[in-house]
Amino acid sequence: MLEYALIDYDPVTDGDEADWARTLDAHGWRTWHDTGVWVTVNGRRVRRWSVRRRSARGRAT
């Protein structure tokens, strides 16, 4: 089973985007669209990514 999320990259609080992406990767998250989309949230420009990872819950048997 896959778990999906929208995760925002904020260059002001998250620092370098490549380092931020490596941190997500270390937690099992993978982007599944080629690019993130720049949006404004509460007056801040962030890059919104759609990500997914294998669920720790697994399947019910």
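Overall, the accessible surface of the chain at a probe of 1.4 angstrom is composed of carbon and sulfur to the extent of 50 percent. Applying the Karplus relation 6.51 cos²θ - 1.76 cosθ + 1.60 with θ = phi - 60° to segment 9-16 yields 3J(HN,Hα) values of 9, 10, x, 6, 9, 9, x, 5 Hz, where x marks Gly and Pro.
Rolling a 1.4 Å probe over the protein heavy atoms gives the chain an accessible area of 77 Å² per residue. Sequence-distant contacts, meaning Cα pairs under 8 Å at least 6 residues apart, place the relative contact order of the chain at 49 percent.
The angle between the Cα long axis of helix 17-26 and the longest principal axis of the Cα atoms of the chain comes to about 10 degrees, rounded to the nearest 10.
The values are calculated or read from the model by the stated rules, or taken from the named source; none is laboratory data. These numbers were taken from a predicted model, which means no experiment stands behind them. For the accessible areas, the whole protein counts, side chains as well, though only heavy atoms, and no ligand, DNA or RNA atoms are used. Shrake-Rupley method; radii C 1.70, N 1.55, O 1.52, S 1.80 Å.
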